[in-house]
Every structure is written in structure tokens, then in C-alpha cells.
């Protein structure tokens, strides 16, 4: 098709190809310059890929890279502890893998079969830290989904080795430890580049259809433990008190026995002394004993009158008692 001739009187447009080429080159240089620098946050590192292959891991700060897609930067948070939630969801999570997407998936992942073929609803949290960013990015296509699957498998294995009573009551701490150990073994074997910091159990409940019965059982068990603890408290309070009272009575009896022995020994020594004196002067000793005895007895006798044996009569002296009164 032939080109249409220009309209009469229309202005002629002249295109400067050198100017356009210069502008394009300048734009490419400016874009390349500004895209040659990147900044790594303080809590992260940057994995650098050149033509898709791993090149290096950049520390926090400002760095240079080759522009125009030659070097690709992937930031990875390595200084922040992250978590995965199973059976429940915390609103506002920035990590899309933190919890299951739907309510049905949450119900499915927390419903577990125990070792005695009962059912328990187990919620838990896995706290982890990305330790080796290059392994985290390149070992698995989807490392966090893999970690979720491994966490669920570890918890199901631990719950399946225990009875429902252990899962619901006394086995929580042991389950946390065993599940964390099992998950660490799997992560280390698969070389995901993640460090498992801790596993914490949340709500552990029986199925909703039998929840009331289990609540009654737990309440009875708690009352039993409370009664046992009260009995132990009374025991530890009563036994030391009884031991103290026993020691006090023993000490009192020993003191009384020592006192009686000392008194008996004193009486025996006094008798021996009197006997020795009696052998030396019988009459004097007898008289002294008589006088000492009478001096002890007479003050205790009421209304006594002492007369001389040579007195002619004692009737006039009978008024002494009335005057004394």
C-alpha cells in the first residue's frame, strides 16, 4: 500500500534519533545506578544470587549489587523468633504460614488419636529461628509448609504414644519436650536451615461430645490432689509439734529424775553424817535431832501451850489462847 501524501500546509516533524538514543542510555544508566544499591535491615541478612545461583550472604547495612536483574536479593529474618500455630489462629499475623487457612484445616490438624484409641483436641505453638538462610531458601521449595507438616507429624507421634489421661492432665510438659526433640531430629536430618527453639502446648481438650464428663473427672482428680495436699500439710504440721512435745516431756522427766537422784543422794549423805556423829556422841546427837525435829513440828501445831513440869497448875494459863485470838 502506498503512503499517503502529507496534507497541504501541515508542519514537518523531524525526529532526532541520536537525542532519543542518548535519553534512553541516560535512563538506563540512572536506573542501573539507583538499583545497584540495597539495604539490609538490622534483624535480617540478604541472600545474593547471581544469574540464579547462590553467591553470598550479606550482613545488615548498605551493599552494592549488579543491576538489571543480574544480582537478585532475598532478605531473610534471622534475628527474630517466629512461630507456627496449630489448631488456632492469632489475628494480625504477617506470616501466611503461621496458621492454617481455614477453620476446617485447624480442626483437622488438632484432632488426634491417643495411644488408648481415644480422641483429644491438641493446640500447640512451634517457635523457630532461621539459622542458615541459604539452606532455608534452596533446600526445599516451600520450607515453612514442610516445617508445618513435620511439626504435625511429630506431635501426632508423641500423642499416639500416650493415653488420653496423660495427654489431658499430667503429660503436658513431657509431651512438649519429646515433640521438640523429635522435630529437631527431623529438621536436622532434612537440613532445612531452621533451629527449633521451643514447642508449647496450648489448650488440650477432649472431644466436645464428652467434654463435660472429662471435666467432672478432672475436677474430681483436682479435689483428690487438694485433699492429699491438705493431709500432707496437716501431717507435716502435727508430726514436728508432737516430736517437740515428746522431747519436752522427756527433758522434763530427765530433769525430775536427776532432781530426785540428787535429793536421795543428799539425804543419804546427811544420814551418813548423822550416823557418824551419833557414833561419836549418841546422847548429844539424839537430843539435837529431837530439838531440830520439834522446832519443825511445833510451829505447825495450832493452840499449843508449853508448861514447865514443875508448875503447880495450868488452868490460869488457858486464857492465853483467847487473848491470842
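Is there a residue in segment 216-235 that is touching a residue at least 40 places away in the same chain (Cβ under 8 Å) and either assigned by TED's automatic domain parsing to the domain that holds residue 121 or surrounded by 10 or more Cβ atoms within 10 Å (Cβ to Cβ) (or both)? Reasoning before the result, please.
From segment 216-235, those touching a residue at least 40 places away in the same chain (Cβ under 8 Å) are 218, 221; that's our starting set.
Then drop every residue that is not either assigned by TED's automatic domain parsing to the domain that holds residue 121 or surrounded by 10 or more Cβ atoms within 10 Å (Cβ to Cβ) (or both), which leaves 218, 221.
The answer is yes, given that some residue of segment 216-235 is touching a residue at least 40 places away in the same chain (Cβ under 8 Å) and either assigned by TED's automatic domain parsing to the domain that holds residue 121 or surrounded by 10 or more Cβ atoms within 10 Å (Cβ to Cβ) (or both).
Does residue 225 satisfy the criteria of being within 27 Å of residue 89 (Cα to Cα), assigned to a helix (DSSP H, G or I) and within 22 Å of the chain's Cα centre (by Cα)?
No: the conditions fail for residue 225.
With the structure loaded, tell me whether residue 247 is farther than 30 Å from residue 84 by Cα and modelled with pLDDT of 80 or more or whether it fails that test.
Taking the combined requirement at face value, the residue satisfies it.
The values are calculated or read from the model by the stated rules, or taken from the named source; none is laboratory data. Bear in mind the structure is a predicted one, so any value in this text is a computation, not a measurement. FYI the Cβ positions are ideal-geometry reconstructions off the backbone, even for glycines, and counts take in every protein chain you see.
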